[in-house]
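Here's the structure, in structure tokens; my notes come after.
Values in this text are rule-based calculations from the coordinates and carry no lab data. Remember, predicted model here, so these are calculated numbers, not experimental data. When we count neighbours, we look across all protein chains shown, and the Cβ atoms used for this are built from the backbone with ideal geometry, even at glycine.
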Amino acid sequence: MISIVTPVYNEEENVEFFHDAVTQVMKQLNMDYELIYVNDGSRDRTEQLINMLAEQDPHVRALTFARNFGHQIAITCGMDFARGDAVITMDGDMQHPPELIPTLVEKWQQGYDIVQTVRKSTEDAGFVKNITSRGYYAFINSISQTPIVPGGSDFRLMDRKSLDTFRKFHEHSRFIRGIVGGLGYRQTSVEFEAPRRHAGTSKFSMKKMLHLAVDGIITNSEAPLHSILYIGILAAFAGVLLTLYVLYCYTTGNTVPGWSTMTILISIFGGINMMGVGVLGEYLGKIFQETRNRPLYWLSYDSAMHMENKSVGFREERH
Ligand code: UDP
Ligand code: MG
């Protein structure tokens, strides 16, 4: 069975259209499926509409949040409830074209565990969004500890094994693209052209977008923290050089009273201060890693299957 997970926030104009489009594609594909709508605390008729769809169509399951928790959390919730052998996450505004589902499934059947989609460009995103998106991915990949596919969206297929591993990531601030990029397994990607929204306007305000962008950097990289320590060390070194210069001026009498002491104090202590903050930052980084409580390791698909088979055999032997 395939689970399709779709977060919806004030999408009353789109849920039925999206449902029809998915139904048509899945009928052609002739596979068992479920369509899980996660209503992210909408204030319009989205909740009534998805409940109605769930009543009419046994493939549909409707979940509604008590309030708006955000797109990333809504996707996570849907993945928690998914019962399929593979799960496809996609937006409900038709910008993630349902016609691409058969391609994702085909790649999965070819043996890939994760099929990521890559947006080539977005018709209605405009020049600024396309450029900032490209710049952002270049930047994040240059500092990230794990690869993040540029232009990657949250439109992807994950098989059961990678989904189970994903569910071991309990962090609150989450940038799903980063987590999935770091899962390993057999990953591949498929390109697509994102069309315009079917109806309505983007539910991602500038504030939400910035928030996600910052989360992406903070959760994938400790480079900002390390940079403070490096800058501190540089500042302390510059402080020492400046002190030598000030002492030289002092011995040649080329100063005004008080200047030497002040300059030395400021430059040395400035550097030491910054280094101190940097050291604190290093520990903070470690605490951050520990509190996220991410899994230490996970086995490759084949290895995990092998171990499962072995332990079943072991249990049988004991009986
Ligand atoms: N969405 C959500 N919660 C939010 C914002 C958006 O569940 O707080 C959903 C929205 O309904 C849509 C998907 O996430 O199905 C992507 O949002 P949107 O299309 O507005 O983003 P854009 O495509 O403009 O980046
Ligand atoms: Mg959209």
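Scanning the range 198-229 for residues that are among the hydroxyl-bearing types (Ser, Thr, Tyr), loosely packed, with under 14 Cβ neighbours inside 10 Å and more than 29 Å from Glu11 (Cα to Cα) returns a single hit, Ser227. For the range 123-145, taking the residues that are β-branched (Val, Ile, Thr) and more than 17 Å from His226 (Cα to Cα), the one that is surrounded by the most Cβ atoms within 10 Å (Cβ to Cβ) is identified as Thr132. When His59, His19 are checked against the criterion of being without any contact (Cβ under 8 Å) to a residue 60 or more places away in the chain, over 18 Å from Phe81 (Cα atoms) and away from ligand 2 (no atom under 16 Å from the Cβ), a single residue qualifies: His19.
For the range 170-197, filtered to residues that are crowded, with 18+ Cβ neighbours inside 10 Å and more than 25 Å from Trp298 (Cα to Cα), the residue that is farthest from ligand 2 (Cβ to nearest atom) is Phe192.
Looking at the range 197-227, which of its residues are within 14 Å of ligand 1 (Cβ to nearest atom), more than 21 Å from Arg156 (Cβ to Cβ) and part of a loop (DSSP other than H, G, I, E, B)? Hits for the range 197-227 are Ala199, Gly200, Thr201, Ser205.
The residue that is nearest to the chain's Cα centre (by Cα), counting only those in the range 13-37 that are among the polar types (S, T, N, Q) and under 19 Å from Thr89 (Cβ atoms), is Asn14. Within the range 154-169, is there a residue that is loosely packed, with under 14 Cβ neighbours inside 10 Å, touching a helix residue (DSSP H, G or I) at 6+ places or on another chain (Cβ under 7 Å) and not basic (Lys, Arg)? Taking every residue of the range 154-169 in turn, none turns out to be loosely packed, with under 14 Cβ neighbours inside 10 Å, touching a helix residue (DSSP H, G or I) at 6+ places or on another chain (Cβ under 7 Å) and not basic (Lys, Arg). Can you tell me which residue among Met1, Met26, Met52 is among the aliphatic types (A, V, I, L, M) and farther than 26 Å from Val105 by Cβ? The match here is Met52. Do we have Met262 as more than 16 Å from ligand 1 (Cβ to nearest atom), surrounded by 18 or more Cβ atoms within 10 Å (Cβ to Cβ) and over 20 Å from Pro150 (Cβ atoms) here? Criteria not met by Met262. When Gly151 is tested against (1) under 21 Å from Ala74 (Cα atoms); (2) away from ligand 2 (no atom under 16 Å from the Cβ), only condition (2) is not met.
Of the residues that make up the range 96-103, is at least one within 19 Å of the chain's Cα centre (by Cα) and touching a residue at least 24 places away in the same chain (Cβ under 8 Å)? Checked against the condition, which is being within 19 Å of the chain's Cα centre (by Cα) and touching a residue at least 24 places away in the same chain (Cβ under 8 Å), the range 96-103 yields at least one hit.
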